[in-house]
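The values are calculated or read from the model by the stated rules, or taken from the named source; none is laboratory data. Keep in mind the model is a prediction, meaning the values are calculated, not measured. Backbone-built Cβ (ideal geometry, glycine too); neighbour counts: all protein chains shown.
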Ligand code: FPP
């Protein structure tokens, strides 16, 4: 059964509040509204960065891979004050196969090189690396490098880095529906687990708290459509190769200035427990607002 929770302003991190996301990854983590536990980034602008410098697009992608390294390091460092548990980077959409063969080839070689050369650094930094998306269309050498870095960094606790390659949110949703196969819809928990299988993710992908897109475009481009249900969106004109710790800090600052409501209302009183959302429709609080909680 779906329950939603409204939190009063005074104690967003109050341990007495239950944390539905701990047991159900399809719930946003509403117990930490000021902490973006899952940050996802659409890394856009490599091509323009290169064009501005009279360089080939592949040079923009290489500069983009240096920005990946900087951003992962910054996310680990940010974790000292505000732990980001998961960082998901959109590296290659399933629609990117439609780019010229030379660019696709350059990107695949770059992913292979980056994954091979970053494995030791990630292991040292405590970064667990997973690649999400389809694997069957990737080269065997890239698949082997992915399996190797995933195994090597499995114990990393500082950050879970997910790199989305051959990723399509719609494609994954359709595949998850196919895996389910039943006539009756699955629960959210079951669906999140099916989605993880469709994406080759090691566990259900947690809801995105903060989605950043660089490069100035204002769209989602088939990225994390299920997980972004209540994500805060930050769009920046910064081109991806220029991104790093400062730009990440700005995005986190903007996130902290947002009031997260998850479809409810920010209230000052304690949340009321109404197990059945249908009943909640008829259970206004003293201010005439509706509250639904998971607390007992
Ligand atoms: C979009 O910019 C970027 C991509 C399609 C590739 C992203 C790849 C990297 C950042 C390189 C390295 C990544 C890893 C994980 C090693 P664009 O080329 O569409 O830029 P444009 O909009 O300016 O043309």
Check your understanding: Across the range 121-140, which residue is nearest to residue 175 (Cα to Cα) among those that are in a helix (DSSP H, G or I) and within 15 Å of the ligand (Cβ to nearest atom)?
Key -> 122
Practice item. Could you tell me which of the residues 225, 252, 239 is buried (at least 16 other Cβ atoms within 10 Å of the Cβ), at pLDDT 95 or above and either under 23 Å from residue 38 (Cβ atoms) or within 16 Å of the ligand (Cβ to nearest atom) (or both)? Key: 239
Review point. Do any residues in the range 170-198 that are touching a residue at least 40 places away in the same chain (Cβ under 8 Å) have Cβ atoms under 7 Å from those of residues that are assigned to a loop (DSSP other than H, G, I, E, B) and exposed (fewer than 13 other Cβ atoms within 10 Å of the Cβ), where the two are at least six apart or on different chains, and which pairs are they?
Key: 188/2
Review point. Going by the structure shown, is residue 147 modelled with pLDDT of 95 or more, within 11 Å of the ligand (Cβ to nearest atom) and assigned by TED's automatic domain parsing to the domain that holds residue 210?
Key: no
Practice item. With respect to residue 161, determine if the residue is more than 10 Å from the ligand (Cβ to nearest atom), modelled with pLDDT of 95 or more, in contact with a strand residue (DSSP E or B) (Cβ under 7 Å, 6 or more places away or on another chain) and not in a helix (DSSP H, G or I). Key: no
**Study point:** Among the candidates 56, 83, 36, residue that is more than 9 Å from the ligand (Cβ to nearest atom), in the same structural domain as residue 122 (by TED's automatic domain parsing), crowded, with 20+ Cβ neighbours inside 10 Å and farther than 16 Å from residue 163 by Cβ
**Key:** 36
Check your understanding: Which of (1) more than 9 Å from the ligand (Cβ to nearest atom); (2) closer than 14 Å to residue 121 by Cα is the odd one out, the single condition residue 66 does not satisfy?
Key -> (1)
